[in-house]
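The values are calculated or read from the model by the stated rules, or taken from the named source; none is laboratory data. Model, not experiment: these values are computed from the prediction. Heads up, the Cβs are rebuilt from the backbone with ideal geometry, glycines too, and the neighbour counts pull from every protein chain shown. These area figures cover heavy atoms from the full protein model, side chains too; ligands, DNA and RNA do not enter into them. Shrake-Rupley method; radii C 1.70, N 1.55, O 1.52, S 1.80 Å.
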Amino acid sequence: MDYLSSNKILIVNLESGEITEDELDDELVSNRIGGVGVTSFLYDTYKDKDPIVLGTGLLTGTLFPGSALGIISAKSPKTGEIAHSPFTLKAGMELKFTGFDYVVVLGQAGKPVFLWLHDGVADIQDASEIWGSDVWKTTDHIRRGMGDDLIQTLAIGPAAESGSELAQICINYWGSGDCWGFGKLFGEKNLKAIALRGMGLLEISEPEDFVDQCFEIFENINKGSFQGKAGIQDIFSAMGENDASEWLLPSVHRNSACYNTPYPTNTFLYLDEDPKTVAEPAAPEPGFLVTDPCALLELKRCGLSAKEAGSVMRACARYGINPTAVAEFCARSGEKSMENIEKSLKDLKGTISIPDCGRFSCWAPGKPLFSNFDVSDTSEYGVWWKRRQAVAYIFGVHPIFANMAPELSEELMLQMVNKGTGLELDQEILDKVIEDVCN
Amino acid sequence: MRIDVDALKCIGCMACEMACGYHKDDAFALLSSCIVVYRAREKKDYFGVVIKEEESLIIARPEGLEIKRIGVAEEPDSSGQKREADASAKPMLLREPCDLCSGMKYGPMCVKICPVGAISIVEGGE
């Protein structure tokens, strides 16, 4: 693949330390398009070796609106079947520019390690010093060690190291869409983190046409129904949770967006500073970036204030545990004390319910946001949602943003991928890949 | 004319940075962009935008604009400390300055692509 791609699949065997590269050939892309289409193919290829597969879509890292998505595909410890987890913020984009389109991690390292992917180079580095550290210290350690504050990390904390199925892979310091217990898989492989930084370059088959069309799409989208809305508070309103929006607002510092995503889906809560603070705060760690609206909503339902819920989510991200799971335990026990919840994280054991979200993450709210996508019957939301998520995961589009931008049609994404790559992918191929990744 | 940024409106999406990178490299890349989202203080949620101009670095912080003359020694602040730049900001000085996307039919691409109108063109030089 010459375009919108680094043309590389990286295979890392943690057991032997062997690192090899395969080409991403046009035939594979012609049959599987990209993103979850290819990660699920690679998962099947290496299925006997318990792989964790990371990947990006062909649109990831481009100027196509919402092109922020990276994907982890692996066997979920919770279901025993392949599942897919999204990673956004700047990590999906950063993976794309490391010089690797896909990364297959095999085997178990003999000692704690982290994988350092940068500028077309893959290194297995010793992580003995940070094994046992929480996620925040892990990210700080890696960034300090490499001298680069912009490194993106997919990291685990003590929850994963202890083998908990509630463990979550976190992005930098924050929660992620990993509702599948993939953190536990990292822990089993002695893989503390994957660190990403890339200064790569993506060639485009028809650059001027591609960028012209990106601007046109961008202008169309910006006339759309989410204009003037921002952050998790307005996502709550779009979900019909107006009281949650009001509950959250007093703690909101700023909203921010994942890479090239026109709607800021993330909301930073100041917990130890005045949220109205504009200048750089003195406190080094004044709050928490909420990236998971559904988890925050579940903690609200447990009876916590927004500030308390933010604090619990911060504790969850440090420990590397799924906050939605924590909320479910709290709902069962009736625990409403923030301090008690935070203290109990290391003792949480047991199973939690598996939401009906197919192989995709329930991180993206289960209905259209700000727009109805011509789905008027709520009983059709489930089918609509799974197909929409599949499309987002195939092309590399932010899964929450995909649910608020009907302008980003399947036809348009195919057209843009063809313009960008010079391939001739059609709806029939897309339908086939969607069917395959959904079943 | 020059680029102006309202950092409080900025959502840190980096679309401006990638659009600028495309202008410089005719491909998607961030290495040559002369407009960069300043995002090294992630845990503090403190972010803004830095623009490399011919003779200055424009640093758009949430609390306002700061202009640093390139090559002019920085004075210590009131506490006697010289403000330390983030490691990630240092390569900015090596980049080509903003040319307002000269030769591009779109005009300055960062202005056109900013989803929240945080970037604009203002009259007047540096």
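Points worth noting:
- Qualifying GluC sites (Glu not before Pro) in the stretch A:57-157, DSSP loop, other Cβ atoms within 10 Å at most 15: A:Glu81, A:Glu129
- About the Cα centre, charge dipole magnitude for the stretch A:213-372 (Lys/Arg +1, Asp/Glu -1 at Cβ), debye: 320
- Computed label-point distance, nm, for sites B:Met104 and A:Arg332 using a 7 Å Cα→Cβ extension: 5.3
- Exceeding the 31 Å Cα-Cα cut-off - candidates A:Lys47/A:Lys111; A:Lys184/B:Lys9; A:Lys90/A:Lys346: A:Lys184/B:Lys9
- Short-range pairs are left out: with C-alpha atoms under 8 Å and at least six residues apart, the relative contact order of the stretch A:226-347 is 19 percent.
- Residues whose placed amide H lies under 5 Å from that of B:Asp4, excluding near-sequence neighbours: B:Ser120, B:Ile121, B:Val122
- Mean-square fluctuations from a GNM of chain A, with a 10 angstrom spring cutoff on Cα atoms, peak among A:Glu219, A:Glu161, A:Glu21 at A:Glu219.
- Summed buried accessible area for B+A [probe radius 1.4 Å, Å², rounded to 100]: 4000
- Qualifying trypsin sites (Lys or Arg not before Pro) in the stretch A:254-339, where qualification requires a DSSP coil assignment and no more than 13 other C-beta atoms within 10 Å, comprise A:Lys276, A:Lys336.
- Counting only other chain Cβ atoms within 10 Å of each residue's Cβ, the peptide A:20-30 averages 0.
- Over 25 Å (Cα to Cα) - which of A:Lys300/A:Lys343; A:Lys75/A:Lys386; A:Lys192/A:Lys307 fall in this group: A:Lys192/A:Lys307
- Applying 1/(1 + (r/R0)^6) with r as the Cβ-Cβ distance of A:Asp274 and A:Gln227 and R0 = 30 angstrom yields a FRET efficiency of 0.55.
- Mean per-residue shielding of peptide B:41-53 is 6, counting Cβ atoms of other chains within 10 Å of each Cβ.
- Taking 20 Å as the cut-off, the amide N atoms of the stretch A:269-288 that come nearer than this to a point 7 Å along the Cα-to-beta-carbon line of B:Lys68 belong to A:279-282.
- By the Cβ rule of 4.7 Å, chain A holds the following cysteines without a possible disulfide partner: A:Cys170, A:Cys179, A:Cys214, A:Cys258, A:Cys294, A:Cys316, A:Cys438.
- The mean number of partner chain beta-carbon atoms within 10 angstrom of a residue's beta-carbon across peptide A:90-98 is 2.
- When the trypsin sites (Lys or Arg not before Pro) in the stretch A:161-194 are filtered for DSSP coil states and for at most 14 other beta-carbon atoms within 10 Å of their beta-carbon, no site remains.
- Inter-site label distance for A:Ile19 and B:Asp26 at 7 Å from Cα along Cβ, in nm: 3.2
- Computed in the context of the full set of protein chains, the accessible area of the stretch A:379-431 at 1.4 Å probe radius has 49% of its extent on carbon or sulfur.
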